[in-house]
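Let me begin by presenting the structure, written as structure tokens, before commenting on it.
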Protein chains: 2
Amino acid sequence: MSRTHHPADSARMPLVEALLQYERRKPASFHVPGHKRGAAYRNDPQVASWLGAVGLYDATELPGLDDLHDPQGAIAEAERLAADAFGSKRTFFLVGGSTVGNLAMIGAVCRSGDYVLMQRNAHKSAIHALMLSQAGAVFLPPEQDRESGLYTSPSPELIDVQLSKFPGTKAVFITNPNYFGMSADLRKIAEVVHKHGKPLLVDEAHGAHFGLDPLLPESALQCGADAVVQSTHKMLPAMTMGAMLHVGSDRVDERILKRLLGMLQSSSPSYPIMASLDYARAAAAQNRGNEQGAGPFREGLDAAHYFRERLRCRAGRFRILERAPDAGYTSLDPLKIAVYDAEARLTGYQLLTMLHEQGCDAEMADERHALLIFGMNSTRSDAEHLLDALQRIGSMNLSEKQEIRLKMTNILPLWSAASTQPVFFDADGVRKPAHLEGDPVAVEIERAVGLLSAEMVVPYPPGIPLLFPGERISSETASALARYRSDGAAVQGISDKSLRSILVWAGNDI
Amino acid sequence: MSRTHHPADSARMPLVEALLQYERRKPASFHVPGHKRGAAYRNDPQVASWLGAVGLYDATELPGLDDLHDPQGAIAEAERLAADAFGSKRTFFLVGGSTVGNLAMIGAVCRSGDYVLMQRNAHKSAIHALMLSQAGAVFLPPEQDRESGLYTSPSPELIDVQLSKFPGTKAVFITNPNYFGMSADLRKIAEVVHKHGKPLLVDEAHGAHFGLDPLLPESALQCGADAVVQSTHKMLPAMTMGAMLHVGSDRVDERILKRLLGMLQSSSPSYPIMASLDYARAAAAQNRGNEQGAGPFREGLDAAHYFRERLRCRAGRFRILERAPDAGYTSLDPLKIAVYDAEARLTGYQLLTMLHEQGCDAEMADERHALLIFGMNSTRSDAEHLLDALQRIGSMNLSEKQEIRLKMTNILPLWSAASTQPVFFDADGVRKPAHLEGDPVAVEIERAVGLLSAEMVVPYPPGIPLLFPGERISSETASALARYRSDGAAVQGISDKSLRSILVWAGNDI
């Protein structure tokens, strides 16, 4: 089959079609799954309408339905159409979410004892990948946006410096955009990484829709990333756990990726989830958005724009996080809207709860913001619903006992200094450096500068590890801990809750 | 919440109820997934009826919907009801199939450099678990059933001998039942394993229904297994990828299991799959089958029995594999029916294809048998459908050019000798023994006895590795290879397709 498809092909959904054809036969099932084409669900009024309906298509590797782990037919064709739509060399459908994508992507470049450069605020699956691969990371401090206190990616300059310092690194791992839709200058990062001859791996879990409309930021593949993981279920209409792993170049070996995915993913993958990936690609990429204003995202973008404008005009206490000219990021996803109470009487958490009570389910909250996500199928009526809810929340009497001070003190620029050596992991967590002996000992924080931490230290917010066990404690880290102590900040992981001492590994460093 | 539930509780489906309650609110979605409660699917006539229907329940970790990775509410309660129903100490819901269950179960007992005793015909996910854990296995030859040529489990006697020889093993890993529903004497195996103070891990992927009716074989938990993985989607009505990991005793650390599952499974698990696990437990375990003949499996068991009796009475060329008194197994799952052509004019593969053409989809085939799986929801009308299909296939004129000889020569008792040392794996495959240097060299098979193989040797059928790289070549193995050579059998993996030589690792053994 040719790699170059006719434009008309982009409307096709080969895997959806294969499942429809299978269902049309109405075969008698003498195979797994045990629900027998949904029959088990259709007698029960509680699940008939949904499990009974999808059960007809919850098939297995029957003739015509191909095999995810060795695709030759409908799945291979659906993956090729996705590769064309997203601009990859090869695309793998994932049924285990971006989690399995990150495990495979990092595993593909790291053998035991290897290390990568990784931003410190990576998703936990990236750390788990290091653990499973028995690999390490030099953690890079991200930039912080002053306006919101949110963290983005490390700067291209820092990446350049660290690549020079650590020429043995196997790759650079970046998360972009962040949960709030903030994107770094990924083109510049890709240039820097490629200048050093390394592959750029991007966790684009929150950006599966990027690059599909001129009003949306560029995608990681467009910026030159060598391998990219996307949660197709997050911002495109796939079922939950549906994701894709795109290979952008020969810098990442797709045969190793295939082998690892074959190890990590179910040998009985879900056909509805795979079909929803095929559907999501067709829905988002056919008649792709153009400068003339057409495209599948226009209704959702219009709804988000409408909401933003109306809230702005209202000039009430609820505001929207907007990108400042000196922001610590280069673009903001227009479909992600972080709302906050400019009078600081409601935390983000409280706002999320009150929105829920008003029938509007938000995505998440931090101390200050409630994050609302619009999608391809969001409408002006959704926006109205949200505006009404905020109106009602705003009009409630909140003066008594609701006055709160946001604990913004925890939001600090934590990492003025970058790591000086990789931290290595194994399946149990962080691997104890081989040259150190004996048990961890407690040392006053002020006297711990220069020593290797034996514990994980995670201030909340933002919940990003300040120290991994095995990391050297810099004077900046020690100062930050002293500041947390005087601020009474919440710090998890550290055994001395008074923040006076920290466990370090004894050995020739002390 | 109490661990002991009132019998009436077993009808409850806490997670299904939580999702129904969520849906009743009809909230506006400003969160992931991007299909916005299925709205994206409901405009497209091709997917509206199934993805659109289930999309309403394809939720995320919203208030009231709990969190699989740290369950406190509806998921915790659903898991507790499953633990009660299946008789475990603790049950974990899995959304990544038995695959992820095997990875976690083996990973929980093996650190890098540890090894287990494992039957040679284990599912590939068990080998992948060794690779990810950088662990090893002493492979145990399974018993072979003479009548069918099929392999079951190693004998309790052999397990006893090998446990004495390898007291350092971390566990014994058994697959029971096999794909065809044949079960070993698991009680005796559990006794032997516990006598040596080791945990028994059972891949019960094909036996999630065991123990739920007096007409079904006992379950691994009933036999005393310490940890058990079940594919709830295979023989019980869960959606594909829905599975459970049961902890039977303190011999396996459930905290480590929880941590590994948190690493290997998606951080956005599928709610429909989790809800289907809750449903499957309630459907199969409430009003559990009793001696008086009631129970949820009775209709399916009756359909299978009816089919078996009718085919027997007909006494035509299609026969059913039945358990002989001297069979290499102790019980056969009555819901698994292996049909074969007693005149040997059709292979199992051809039979499967012809059944498909007659509208009956079988589960799988080998050279001789086509395997048909009945379930809780199979009916006499399904049985009639199948009988008619076989009648039509039998009446077709197959005399010309259809005469074939089954290649039964490949089905040999391959492993008269058990392994003499563990084979160690890493993420790339088999780990080269540290004391060996240099590249693999080809040696005549007759002269290779006593040396370590550097390649994998897999005769088809049965597709079970005769040699893993790193295994010592016994005189029995060498004889088997010589026999394959004279029979012209299909052997994969070996580089010399003429089967005259084999690659061995050079080193102090040569």
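The values are calculated or read from the model by the stated rules, or taken from the named source; none is laboratory data. Here the structure is a predicted model, which is why all the values come from computation and not from measurement. Reconstructed Cβ throughout: ideal geometry from the backbone, glycine too, with neighbour counts over all protein chains shown. Areas reflect the complete protein model, heavy atoms only, side chains present, ligands, DNA and RNA absent. Shrake-Rupley method; radii C 1.70, N 1.55, O 1.52, S 1.80 Å.
See the values below:
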{"read-out": "Sole residue being in contact with a Gly (Cβ under 6 Å, 6 or more places away or on another chain) and more than 12 Å from chain A (Cβ to nearest Cβ), chosen from B:295, B:300, B:328", "value": "B:295"}
{"read-out": "Residue match in segment B:55-75 (condition: part of a loop (DSSP other than H, G, I, E, B), surrounded by fewer than 21 Cβ atoms within 10 Å (Cβ to Cβ) and among the hydroxyl-bearing types (Ser, Thr, Tyr))", "value": "yes"}
{"read-out": "Of all residues in segment B:348-369 being at the interface with chain A (Cβ under 9 Å from one of its Cβ atoms) and in a strand (DSSP E or B), the one that is most open to solvent (accessible area, probe 1.4 Å)", "value": "B:364"}
{"read-out": "Of residues in segment A:460-487 being touching a Ser or Thr at 6+ places or on another chain (Cβ under 6 Å) and touching a residue at least 60 places away in the same chain (Cβ under 8 Å), the one farthest from residue A:139 (Cα to Cα)", "value": "A:487"}
{"read-out": "Among (1) touching a Pro at 6+ places or on another chain (Cβ under 7 Å); (2) farther than 19 Å from residue A:463 by Cβ - the single one residue A:152 does not satisfy", "value": "(2)"}
{"read-out": "Segment A:109-124, residues that are facing chain B (nearest Cβ under 8 Å) and in contact (Cβ under 8 Å) with a residue 40 or more places away in the chain", "value": "A:123"}
{"read-out": "Flag for residue A:289 being more than 30 Å from residue B:98 (Cα to Cα) and at pLDDT below 95", "value": "yes"}
{"read-out": "Residues of segment B:47-73 that turn out to be within 14 Å of chain A (Cβ to nearest Cβ) and farther than 30 Å from residue A:14 by Cβ, as a count", "value": "9"}
{"read-out": "Scope segment A:109-140; condition outside any strand (DSSP E or B) and open to solvent by less than 10 Å² (accessible area, probe 1.4 Å); matching residues", "value": "A:110, A:125, A:126, A:129, A:130, A:135"}
{"read-out": "Sole residue being among the acidic types (Asp, Glu) and within 25 Å of the chain's Cα centre (by Cα), chosen from B:388, B:341, B:366", "value": "B:366"}
{"read-out": "Sole residue being within 12 Å of chain A (Cβ to nearest Cβ) and either surrounded by fewer than 24 Cβ atoms within 10 Å (Cβ to Cβ) or touching a residue at least 60 places away in the same chain (Cβ under 8 Å) (or both), chosen from B:249, B:268", "value": "B:268"}
{"read-out": "Answer residue from segment A:18-35, given it is open to solvent by 20 Å² or more (accessible area, probe 1.4 Å) and within 8 Å of chain B (Cβ to nearest Cβ) and is modelled with the highest pLDDT among those", "value": "A:20"}
{"read-out": "Where residue A:159 falls short, out of the listed (1) away from chain B (no Cβ under 12 Å); (2) of a type outside the set (Gly, Ala, Ser); (3) touching a helix residue (DSSP H, G or I) at 6+ places or on another chain (Cβ under 6 Å); (4) in contact (Cβ under 8 Å) with a residue 60 or more places away in the chain", "value": "(4)"}
{"read-out": "Residue selected from segment A:213-235 under the condition open to solvent by 10 Å² or more (accessible area, probe 1.4 Å) and in a loop (DSSP other than H, G, I, E, B), by the criterion nearest to the other protein chains (Cβ to nearest Cβ)", "value": "A:216"}
{"read-out": "Conditions (1) within 23 Å of the chain's Cα centre (by Cα); (2) in contact (Cβ under 8 Å) with a residue 24 or more places away in the chain: number failed by residue B:352", "value": "(2)"}
{"read-out": "Of all residues making up segment B:183-212, the number that are surrounded by 24 or more Cβ atoms within 10 Å (Cβ to Cβ), acidic (Asp, Glu) and either assigned to a loop (DSSP other than H, G, I, E, B) or over 21 Å from the mean Cα position of the chain (by Cα) (or both)", "value": "1"}
{"read-out": "Matching residues in segment A:252-261 - criterion: being at the interface with chain B (Cβ under 9 Å from one of its Cβ atoms) and either farther than 15 Å from residue B:264 by Cβ or open to solvent by 20 Å² or more (accessible area, probe 1.4 Å) (or both)", "value": "A:256, A:259"}
{"read-out": "Residue B:283 being away from chain A (no Cβ under 11 Å) and either in contact with a Gly (Cβ under 8 Å, 6 or more places away or on another chain) or small (Gly, Ala, Ser) (or both)", "value": "no"}
{"read-out": "Of all residues in segment B:320-337 being among the aliphatic types (A, V, I, L, M) and in a loop (DSSP other than H, G, I, E, B), the one that is modelled with the highest pLDDT", "value": "B:335"}
{"read-out": "Those residues of segment A:467-510 which are farther than 17 Å from residue A:440 by Cβ, part of a loop (DSSP other than H, G, I, E, B) and either of a type in the set (A, V, I, L, M) or at pLDDT 85 or above (or both), in sequence order", "value": "A:474, A:489, A:498"}
{"read-out": "Residues within segment B:287-342 that are of a type in the set (Val, Ile, Thr) and either loosely packed, with under 15 Cβ neighbours inside 10 Å or without any contact (Cβ under 8 Å) to a residue 24 or more places away in the chain (or both), tallied", "value": "1"}
{"read-out": "Segment B:76-97, subset farther than 24 Å from residue A:266 by Cβ and among the charged types (D, E, K, R), residue most open to solvent (accessible area, probe 1.4 Å)", "value": "B:89"}
{"read-out": "Filter result for residue A:147 (among the acidic types (Asp, Glu), out of contact with any Pro (no Cβ under 7 Å at 6 or more places or on another chain) and modelled with pLDDT under 95)", "value": "yes"}
{"read-out": "Hits in segment A:92-108 - residues which are more than 9 Å from chain B (Cβ to nearest Cβ), outside any strand (DSSP E or B) and under 24 Å from residue A:78 (Cβ atoms)", "value": "A:101, A:102, A:104, A:105, A:108"}
{"read-out": "Residues located in segment A:49-73, provided they are in contact with a Gly (Cβ under 8 Å, 6 or more places away or on another chain) and without any contact (Cβ under 8 Å) to a residue 24 or more places away in the chain", "value": "A:51, A:52, A:53, A:55"}
{"read-out": "Selection from segment A:476-489 of residues that are of a type in the set (Ser, Thr, Tyr) and open to solvent by 60 Å² or more (accessible area, probe 1.4 Å)", "value": "A:479, A:486"}
{"read-out": "Residues that are closer than 28 Å to residue A:48 by Cα and among the hydroxyl-bearing types (Ser, Thr, Tyr), drawn from segment B:210-242", "value": "B:231, B:232, B:240"}
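Listed here are the residues, each with its yes/no results for (1) assigned to a loop (DSSP other than H, G, I, E, B); (2) of a type in the set (S, T, N, Q); (3) modelled with pLDDT of 95 or more.
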position: A:237; (1), (2), (3): yes, no, yes
position: A:241; (1), (2), (3): yes, no, yes
position: A:249; (1), (2), (3): yes, yes, yes
position: A:260; (1), (2), (3): no, no, yes
position: A:274; (1), (2), (3): no, no, yes
